[in-house]
Amino acid sequence: GAVVSQHPSWVICKSGTSVKIECRSLDFQATTMFWYRQFPKQSLMLMATSNEGSKATYEQGVEKDKFLINHASLTLSTLTVTSAHPEDSSFYICSARGSGGSYEQYFGPGTRLTVT
Amino acid sequence: QKEVEQNSGPLSVPEGAIASLNCTYSDRVSQSFFWYRQYSGKSPELIMSIYSNGDKEDGRFTAQLNKASQYVSLLIRDSQPSDSATYLCAVIRTGFQKLVFGTGTRLLVSP
């Protein structure tokens, strides 16, 4: 149980284009989803928290107009990197937390984005 | 002072030994504690969660929590080379949703 998928697993795009990453909870309803970014040999950095049906809450320093997050259903959240630049190249990982009293978060496998 | 502190390692143990990973946290109102394992180039995987003082065992893993000392640990018995990874300690503070991670301890298990 508690499986989270991400699509695509890797993507290469040209500078200036937009990329959408999907995060799905496969066997549970995720009331809250989180988006992280991780650069090589660095710690996970939380970008935003999204609750189903509400606007995402972004961490300080994360541009909400650049990183668009939509959590339209209890099993799907999307992250769109708009007007991507090479410095946006990173490993993007989502996590999901189910409803009920558990605080456990389950991570997706991640999406490796390379902007050329 | 960092909210969650871990020794970065690497912690080297021989195969079959017990690996002991430690974590301290600064906020006394923290309520939930987690250990994640992250292999290089992969996303974190939840190993254990612990919410109350004492020990919690799951297979070869034992998590220990001492709220008075603000200390949480992970013991891995019969360590295997496949356990070689970075182990992340994470904490959730009361009233918050987000995980606060330590920087991780790199574990190396030699055959």
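The values are calculated or read from the model by the stated rules, or taken from the named source; none is laboratory data. Fair warning: this is a prediction, and the values are worked out from it, not measured in the lab. Glycine also receives a Cβ, built like all others from the backbone with ideal geometry; neighbour counts cover every protein chain displayed.
Taken over region A:57-105, residues that are buried (at least 21 other Cβ atoms within 10 Å of the Cβ) and in contact (Cβ under 8 Å) with a residue 60 or more places away in the chain amount to 9.
Residue-by-condition table, conditions (1) at the interface with another protein chain (Cβ under 10 Å from one of its Cβ atoms); (2) of a type in the set (G, A, S); (3) over 9 Å from the mean Cα position of the chain (by Cα):
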position: B:G41; (1), (2), (3): yes, yes, yes
position: B:G59; (1), (2), (3): no, yes, yes
position: B:C89; (1), (2), (3): no, no, no
position: B:V100; (1), (2), (3): yes, no, yes
position: B:T105; (1), (2), (3): no, no, no
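Taking every residue in region B:36-63 that is closer than 20 Å to A:Y106 by Cα and pairing it with any residue that is modelled with pLDDT under 95 and of a type in the set (D, E, K, R), at least 6 positions away or on another chain, the pairs with Cβ-Cβ distances below 8 Å are B:L46/A:E104; B:S49/A:E104. The residue that is nearest to A:A84 (Cα to Cα), counting only those in region A:19-58 that are of a type in the set (D, E) and at pLDDT below 95, is A:E52. Please work out if A:T111 is at the interface with chain B (Cβ under 10 Å from one of its Cβ atoms), among the hydroxyl-bearing types (S, T, Y) and crowded, with 19+ Cβ neighbours inside 10 Å. When the stated conditions are applied, A:T111 passes them. Scan region B:72-79 and tell me whether some residue there is farther than 16 Å from B:Q31 by Cα, within 14 Å of another protein chain (Cβ to nearest Cβ) and exposed (fewer than 15 other Cβ atoms within 10 Å of the Cβ). Checking region B:72-79: not a single residue is farther than 16 Å from B:Q31 by Cα, within 14 Å of another protein chain (Cβ to nearest Cβ) and exposed (fewer than 15 other Cβ atoms within 10 Å of the Cβ).
Counting only residues that are farther than 28 Å from A:W35 by Cβ, of a type outside the set (A, V, I, L, M) and touching a residue at least 40 places away in the same chain (Cβ under 8 Å), region B:80-111 holds 5 of them. Residue check: A:S102 meets all listed conditions (1) assigned to a strand (DSSP E or B); (2) within 13 Å of chain B (Cβ to nearest Cβ) but one, namely (1). When region A:78-99 is examined, which residues are found to be outside any loop (DSSP other than H, G, I, E, B), out of contact with any Gly (no Cβ under 6 Å at 6 or more places or on another chain) and more than 14 Å from A:L68 (Cα to Cα)? Scanning region A:78-99 gives A:P86, A:E87, A:S90, A:S95, A:A96, A:R97, A:G98. Residue selection: B:S30 fails the criterion of being within 14 Å of B:L107 (Cβ to Cβ), in contact with a Ser or Thr (Cβ under 9 Å, 6 or more places away or on another chain) and within 14 Å of chain A (Cβ to nearest Cβ). Scanning region A:64-99 for residues that are more than 14 Å from the chain's Cα centre (by Cα) and either within 14 Å of another protein chain (Cβ to nearest Cβ) or of a type in the set (D, E) (or both) returns A:D65, A:E87, A:G98, A:S99.
As a summary of the residue check, B:S8 satisfies the conditions (1) within 21 Å of A:Q105 (Cα to Cα); (2) out of contact with any Pro (no Cβ under 6 Å at 6 or more places or on another chain) except for the one numbered (1).
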